[in-house]
Amino acid sequence: MFDIETVIRFLGWCAVLNIGLLLFSTFILVIFNAQIKALHGKLIAVDPATLNMLYFNFLGHYKIAILILNLVPYLALKILVE
């Protein structure tokens with residue numbers, strides 16, 4: 001099985017990768033908003049105003065998932081071990 005230091009490192013790298021993906025997704029949505037809306041509008045037949053809300057909800061839920069599933073356990077274990 002894993003020792004506690006391995007779990008801490010794993011959660012830390014998961015947090016780093018997930019935050020990087022969140023920042024990349026946000027950057028892409030901000031820079032290429034019109035192109036992404038056109039693509040998604042054709043794929044799922046949703047109007048552009050609704051797509052903005054869906055993008056915002058996705059990014060918000062993903063951020064909360066990162067906090068709950070990666071950062072909080074990482075910080076709790078770091079505090080516990082020290």
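The values are calculated or read from the model by the stated rules, or taken from the named source; none is laboratory data. Note that this is a predicted model, so its numbers are computed, not measured. Quick reminder, even Gly has a Cβ in these numbers, built from the backbone with ideal geometry, and neighbours come from all protein chains shown. Areas reflect the complete protein model, heavy atoms only, side chains present, ligands, DNA and RNA absent. Shrake-Rupley method; radii C 1.70, N 1.55, O 1.52, S 1.80 Å.
Probe of 1.4 angstrom, ligands and nucleic acids ignored: what's the accessible area per residue over the chain, in square angstrom? Could you put the intermediate results ahead of the total?
Values: 6230 Å² over 82 residues.
On a per-residue basis, 76 Å².
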GNM, the chain, Cα, under 10 Å: largest mean-square fluctuation among 21, 39, 67? 39
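Report the FRET efficiency, 1/(1 + (r/R0)^6), for residue 26 and residue 2, where r is their Cβ-Cβ distance and R0 is 30 Å, rounded to 0.05.
On the way: r = 32 Å, r/R0 = 1.07.
Efficiency, rounded to the nearest 0.05: 0.40.
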Classify the chain as rounded, prolate or oblate from the Cα gyration tensor: take a ≥ b ≥ c as the square roots of its eigenvalues, call it rounded if a/c is under 1.5, otherwise prolate when a/b beats b/c and oblate if not. prolate
Candidate lysines - alpha carbon under 27 Å from residue 78, same-chain residues fewer than 8 apart omitted: 63
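Please give the charge dipole size of the chain, origin at the Cα centre, charges +1 on K and R Cβ atoms and -1 on D and E Cβ atoms. Round to the nearest 20 debye. Don't skip to the end; give the middle numbers.
On the way: 5 positive and 4 negative charges, 59 e Å.
In debye, rounded to 20, the chain gives about 280.
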Mind listing the long-range amide H neighbours of residue 46? Cut-off is under 5 Å, sequence gap 5 or more, other chains count too, H placed in the peptide plane at 1.01 Å from N. none
Compute the label zone of residue 52 within the stretch 3-41: residues whose backbone N is under 16 Å from the point 7 Å along Cα-to-Cβ. 29-38, 41
Among 18, 66, 53, whose Cα lies farthest out toward the positive end of the dipole of the chain, if unit charges sit on the beta carbon of Lys, Arg (+1) and Asp, Glu (-1)? 53
Here the membrane-span-like helices of the chain, with no claim about any membrane, defined by DSSP H, Cα axial extent at least 30 Å and mean Kyte-Doolittle at least 0.0, are 4-31
